[in-house]
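Report on the structure given below.
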Amino acid sequence: MPTDTQYLTAEKFAELEKELNFLKTERRKEVAEHLEYAKKLGDLSENAEYHQAREEQAMVEDRIHRLEELLKNSSLIQKGGEGKDVITIGTTFRLNKNGDNKSYLYTIVGSEESDMSSGKISNLSPLGSALLGHKAGDSVVVNTPKGTVSYTIAHIK
């Protein structure tokens, strides 16, 4: 996993810490018990239950490692970006798509938290990276797979 800084809100950081704690305490124990049970079933070379338990153990350990690295290399972002007139990670803003009467409310977050359906766009996405550093009233052109799209930043919350 790359050691690039991951930007997380305090809520997401706490959620990932909780998941890590669960995996290290409860889930590891469950998998170990399943593995011990599967060993008792006999010949390990043809024991599907044993192989499944080993795969499960590998997935849990992989997720634990991923979460530890993510939390170690994370930077907490301030929600809202109040008092700032420039879009940064953590800023919420209203965006108008030029040529369209629709406006969209977005917050720029780290890639681990991005969720377009909730209005959270990644700082690494084409739209997110194009908007960073811009102010209310600025027009921004974004290259997308479907072509170029122009947006105007209506206001920053």
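The values are calculated or read from the model by the stated rules, or taken from the named source; none is laboratory data. Note that the structure is predicted; figures quoted are calculated from it, not measured. Cβ: placed from backbone, ideal geometry, glycine included. Neighbour counts: every protein chain shown.
Side notes on the structure shown:
- Whichever residue in segment 117-157 is assigned to a helix (DSSP H, G or I) and in contact with a Ser or Thr (Cβ under 7 Å, 6 or more places away or on another chain) and, among such residues, is farthest from residue 8 (Cα to Cα): 126
Rundown of residues vs (1) more than 30 Å from residue 153 (Cα to Cα); (2) surrounded by 14 or more Cβ atoms within 10 Å (Cβ to Cβ); (3) more than 18 Å from the chain's Cα centre (by Cα), yes/no style:
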| site | (1), (2), (3) |
| --- | --- |
| 12 | no, yes, no |
| 18 | yes, no, no |
| 26 | yes, no, yes |
| 69 | yes, yes, no |
| 94 | no, yes, yes |
| 106 | no, yes, no |
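- Pairing residues of segment 13-37 that are more than 18 Å from residue 55 (Cα to Cα) with residues that are among the β-branched types (Val, Ile, Thr), at Cβ distances under 8 Å and at least 6 apart in sequence or on separate chains, gives 20/64.
- Per the listing 50, 37, the residue uniquely more than 30 Å from residue 131 (Cα to Cα), surrounded by fewer than 15 Cβ atoms within 10 Å (Cβ to Cβ), more than 31 Å from the chain's Cα centre (by Cα) and at pLDDT 85 or above is 37.
- Failed item in (1) of a type outside the set (Ser, Thr, Tyr); (2) loosely packed, with under 14 Cβ neighbours inside 10 Å; (3) touching a helix residue (DSSP H, G or I) at 6+ places or on another chain (Cβ under 8 Å), with residue 102 passing the rest: (3)
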